[in-house]
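This report concerns only the one structure given below.
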There are 2 protein chains.
Amino acid sequence: MTPPKLLDEAALKERELLIINSAVLLIQKNGIENLTMDKVVAQVPFSKGTVYKHFIGKEDLLLAISNYSIKVLGDLFYRAYQFKGCARSRMLLLNFSYLIYAMLYPALFQCVLCAKSPNVAGKSSEKHINESEKLEVKLMTSIHGIVEDGLNDNSLSLPLNMDIQQICFSNWSTAFGAISLLSGEVDQCSGRTSLIVERELFNLSNLLYDGMGWQPLTKDSNPCLELKSALDELFPEELAKIKAKGRELNFDSFS
Amino acid sequence: MTPPKLLDEAALKERELLIINSAVLLIQKNGIENLTMDKVVAQVPFSKGTVYKHFIGKEDLLLAISNYSIKVLGDLFYRAYQFKGCARSRMLLLNFSYLIYAMLYPALFQCVLCAKSPNVAGKSSEKHINESEKLEVKLMTSIHGIVEDGLNDNSLSLPLNMDIQQICFSNWSTAFGAISLLSGEVDQCSGRTSLIVERELFNLSNLLYDGMGWQPLTKDSNPCLELKSALDELFPEELAKIKAKGRELNFDSFS
DNA sequence: TTCGTCAGTGACGAATCGTCACACATTAAA
DNA sequence: TTTAATGTGTGACGATTCGTCACTGACGAA
């Protein structure tokens, strides 16, 4: 009479990942707006009913993809956090890991943006929403850690009326604004042709840190070269993949 | 044999605006994702075919709504640009006019974000795309003007390796990042509850201006109070409307 | 009056969504 | 082994939505 559990947890997870990966491939090929549950089902060795067992709807699948993306980004952030060097340099490095992520996985980046919209979050399952919140906390952990390192080595002091969380948010929203406005493939703003995302992110981050009074411990000759070599050391594979896509991080324009 | 033009331009424009307004009302009620051409047609004294004469598809309508929104925002920006006071204060004021816009017309704000996505831009008519580009130039004009005022009165000097356009973009993306991350009605990030959008926008903008070395000409005692009174003077109706919605700009938390 | 042109119509096919009645598999008890 | 109960998987189905297109009617010119 005991209700039998026929499926083990691991198989379910694996299947979920398979569905997510198939959906990501479809998004990369057709664009996120043309993602169709029917197409996903066609790509996958399960029927529609089974897919809907995992995701209560299209939006729920989208949120799950977003969560998967945030895991990927969280890994990049953590690597930046763990890198050698002074806190300010690592924070800049972290922002550039965000840019690398946006350039390398534009479809994933877009999924995260879409998942933020209330129409998606409102139609998703509690399970995936909770997971989303946990993942974002983890994402913030790396930023938080770097800020605390900066506070501890006295290179950074909290500005008036600001706490650590606000500092973290400042950095996050700055990077988010620059990257989301500039990383789109379509030139959205006219006259924006002269804006180069890596250069603006570099300048904007440094303006922000200067505004905070965040001092680099190493009075290095060229912070741009320092960033470049750190990126080469920390993200060699990612940079190679970006190069393979024909889009290269270019630091020559602002030496 | 001459083909008769039976419809005058003005009537067409008026009808287009009627369709747009009906669509905006529907978005406010049902959310942007549930906007349906059928529903729009039902709200409007025209048939589907006529609506499709004006907009080649749903995305084209969305872009048209976005353009309409940018006009509204452009007006707010221009009022901030024309206001009295030093350049830095007016730039801060402009950023807050952006926040007022996002709070007052969340549906419009969301439409602009959506219209940025390639799937919308890719399916829109040349006519609306061109209009979009022109409008964004106009939007940037106010920002550009304030920066030039700052340069002219020597309160601001261009940072190393940055031109006016990059300064403009810095301010724009900073405001965009903070507002788009925090103005959502859903608390998206966990732990974000302690972040207050008006406070973070204030702090972030000032950090940026400090980083640029942008000096306020008036050594006023309290820049926050100065902003508050400027907003009261420049946007009394808008602030009243926001109050009527139950959401008030609160400056008490960071006096 | 007759014809040509154009604004306007709404029924239609295609595509998509999510559901549900049913079929199959596995285990426990008889 | 048989039977019952429950978990798992299926894909046909109705409901929506999209954008089109053959048709109607109004108006002016010949």
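Scan region B:148-155 and give yes if some residue there is within 12 Å of chain A (Cβ to nearest Cβ) and either more than 15 Å from the chain's Cα centre (by Cα) or surrounded by fewer than 19 Cβ atoms within 10 Å (Cβ to Cβ) (or both), otherwise no.
no
Do you know which of the residues in region B:13-27 that are free of Cβ contacts under 8 Å to residues at least 40 places away in the same chain and surrounded by 17 or more Cβ atoms within 10 Å (Cβ to Cβ) is nearest to B:Q110 (Cα to Cα)?
Per the stated criteria, the residue is B:L26.
Limited to region A:130-147, what total is found for residues that are within 8 Å of chain B (Cβ to nearest Cβ) and open to solvent by less than 30 Å² (accessible area, probe 1.4 Å)?
Total meeting the criteria: 1.
Mind listing just one residue for me: the one in region B:188-240 that is part of a loop (DSSP other than H, G, I, E, B) and at pLDDT 90 or above and, of those, nearest to B:L160 (Cα to Cα)?
B:G213
Can you pull out every residue in region A:206-229 that is closer than 23 Å to A:P106 by Cα and touching a helix residue (DSSP H, G or I) at 6+ places or on another chain (Cβ under 7 Å)?
Correct list: A:L227 only.
Only one residue in B:K13, B:K5 is part of a loop (DSSP other than H, G, I, E, B), among the basic types (K, R), within 15 Å of DNA strand C (Cβ to nearest atom) and modelled with pLDDT under 95. Which one?
Only one candidate qualifies: B:K5.
Report every pair of residues separated by at least 6 positions or lying on different chains whose Cβ atoms are under 8 Å apart, first residue within region A:141-157 and among the charged types (D, E, K, R), second crowded, with 18+ Cβ neighbours inside 10 Å.
A:D149/A:A87; A:D149/A:R90; A:D153/A:C86; A:D153/A:A87
Can you tell me which of (1) over 19 Å from the mean Cα position of the chain (by Cα); (2) away from chain A (no Cβ under 14 Å) is the one B:N34 doesn't meet?
It is condition (2) that B:N34 fails.
Where in region A:28-129 are there helices (runs of 4 or more DSSP H), lying wholly inside it, with at least 3 residues that are within 11 Å of DNA strand C (Cβ to nearest atom) and either open to solvent by less than 30 Å² (accessible area, probe 1.4 Å) or modelled with pLDDT of 95 or more (or both)?
The qualifying helices (runs of 4 or more DSSP H) are A:37-43, A:48-54, A:58-82.
The values are calculated or read from the model by the stated rules, or taken from the named source; none is laboratory data. Nothing here was measured: the structure is a model prediction, and the numbers come from that model. Cβ atoms come from the backbone with ideal geometry, glycine included; neighbour counts cover every protein chain shown. Each accessible area value is taken on the protein alone, full model and side chains, heavy atoms only, with ligands, DNA and RNA left out. Shrake-Rupley method; radii C 1.70, N 1.55, O 1.52, S 1.80 Å.
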